[in-house]
Amino acid sequence: MSFTVTGKSSSSGGNNKSGRKSASLPPETVEYLKAWMMSPEHVAHPYPTEQEKAQIMAETGIELKQLTNWFVNNRKRFWKPRVEAKLQQKYAVAAAAQVQGVTVPGISTGSAAPAAAAGSNASHLHHQQHHRLSITSNAPPA
């Protein structure tokens with residue numbers, strides 16, 4: 001799959017006082033990388049294959065080390081908080097539906113307890129969510 005970059009620009013900054021290149025990537029490169037990471041086919045496993053890395057580097061002009069570092073940092077800073085929030089939202093909807101006696105397809109709350117146990121269910125749901133996320137986020141690269 002190809003992601004549109006709205007115009008390539010070379011690295012944003014000459015040298016800083018320590019002699020290193022600027023650490024920030026051009027905004028359109030960051031936009032491209034975030035779009036790749038959050039796309040439907042990659043959001044569940046945001047680890048690009050070697051072929052995908054080569055394609056991303058060719059389309060953005062960044063080096064392998066920059067790409068690798070960006071993904072390591074942004075799986076923690078960008079991807080994980082969003083996936084956690086989405087899961088939390090899903091389970092909140094499921095818990096609310098369960099209180100009303102409605103089953104939400106595709107979401108297992110792990111308990112068929114009545115509404116009186118909703119408080120303990122919330123804790124259980126949080127644990128399930130955390131467990132599922134840690135399994136997903138610790139997956140080795142493909």
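Summary of computed values
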| item | result |
| --- | --- |
| Size of the stretch 30-89 as Cα extents on the principal axes (Å, biggest first) | 37, 20, 18 |
| Computed label-point distance, nm, for sites residue 49 and residue 31 using a 7 Å Cα→Cβ extension | 2.8 |
| Around residue 41: net Lys/Arg minus Asp/Glu count, Cβ-Cβ under 15 Å | 0 |
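All of the numbers you see were taken from the coordinates with simple rules; none came from a lab. What you see is a predicted model; the values in this text were computed from it and never measured. Cβ atoms come from the backbone with ideal geometry, glycine included; neighbour counts cover every protein chain shown.
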